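These notes are about the structure you will find just below.
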Amino acid sequence: MIPSKITNQPAPVFRPARERFHSVRDWLESWHSFSFAGHHDPDWMGFGPLLVINDDTISAGRGFGMHSHRDMEIITVMIEGELQHQDSAGNSGVIQAGDVQRMSAGTGIMHSEINKSEQTCRLLQIWIAPSHQGLEPAYEQRRIAITDQNWIPVLDPNNSQAMAIARPIQLWRLRLAQGESIQLPELAYPQAWIQMINGKISISGETEASQSDLCRGDGLGFHPSHAGMRHIHSSSDQTDLLLFGLS
């Protein structure tokens, strides 16, 4: 049985979508995998350096006005729709579905993210603790071409096709059709986290007893050496997920 709280033990830890923290405003609905803003639980303060995963849906014509960050690596994965980005370092542009934005807040940066379209948008906002504080702010945005049944590198300091942040981590995105299977990639770091965007998967290892199922919004933290974490099988169409390798 997968435990429901993060511990120091090597067993996998499961974060069910339905147990995430939930925030609702008139223009924003957010599901928080870890403690965030007014939601606090000492058992869910993050997983290693992975501190925030917010699954946000933003109404048309609304968004986050100018606000500040510092000493944090902020990654935005656009799932549906688009956002208009602007920051105090002079960066501006539209982040569209399929784009990934990384922002190193460093010594301090202000930014806004506004949905200026006529449709709602959905995104994952991810915060990762940097290896060092007081760094120069930095910004990058890329369109990540996703092909079915392939691990697509998004972040990796040792892969020229991927972006890198101020901490050595790996991040992949994966899409599978119903019935497709794939083996986990080689993870260079001692912790891993799967975050489901859409769809349903089963993860299996050396025995049936180690199998676990994940659906939209679920998260799973594990050690790459765990015998139960070997293969992913999609049991729905348009399965979409992120895999983190965490230092």
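Read-outs throughout are calculated quantities, based only on the coordinates presented, and are distinct from any laboratory measurement. If you're wondering where the values come from, they're calculated on a predicted model, not measured in any experiment. Heads up, the Cβs are rebuilt from the backbone with ideal geometry, glycines too, and the neighbour counts pull from every protein chain shown.
Computed quantities for the displayed model
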read-out	value
Cβ-Cβ FRET estimate between residue 133 and residue 37, R0 fixed at 25 Å, reported to 0.05	0.70
Debye intensity ratio in log₁₀ form over the Cα atoms of the chain, taken at each q of 0.16, 0.17 Å⁻¹	-1.25, -1.42
Net charge over other residues, Cβ less than 11 angstrom from the Cβ of residue 109 (K, R count +1; D, E count -1)	-2
Segment residue 215-residue 84, extension gain: residue separation times 0.36 nm, minus the distance between their alpha carbons	44.2 nm
Contour minus Cα-Cα distance for residue 140 and residue 112 (0.36 nm per residue)	8.6 nm
Label-point gap, in nm, between residue 247 and residue 183 - each point 7 angstrom along Cα→Cβ	2.6 nm
Within segment 112-139, backbone nitrogen closer than 12 Å to the virtual label 7 Å beyond the Cα of residue 62 toward Cβ	115, 120-121
Residue exposure sequence - 44, 27 - by fewest surrounding Cβ within 10 Å	27, 44
For the chain, size of Cβ-based charge dipole, Lys and Arg +1, Asp and Glu -1, in debye	160 debye
Spacing of the two label points (7 Å from each Cα toward its C-beta) at residue 160 and residue 147, in nm	1.9 nm
Among 136, 113, 186, residue whose mean-square fluctuation peaks in a GNM of the chain (springs only between Cα atoms under 10 Å)	186
Segment 13-246, relative contact order [Cα under 8 Å, separation at least 6], %	18 percent
Highest-fluctuation residue, 106, 81, 179 considered, GNM on the chain with Cα pairs under 10 Å	179
Top of 118, 180, 29 by mean-square fluctuation, Gaussian network on the chain, Cα under 10 Å	118
Relative exposure of 114, 53, judged by other C-beta atoms within 10 Å (fewest first)	114, 53
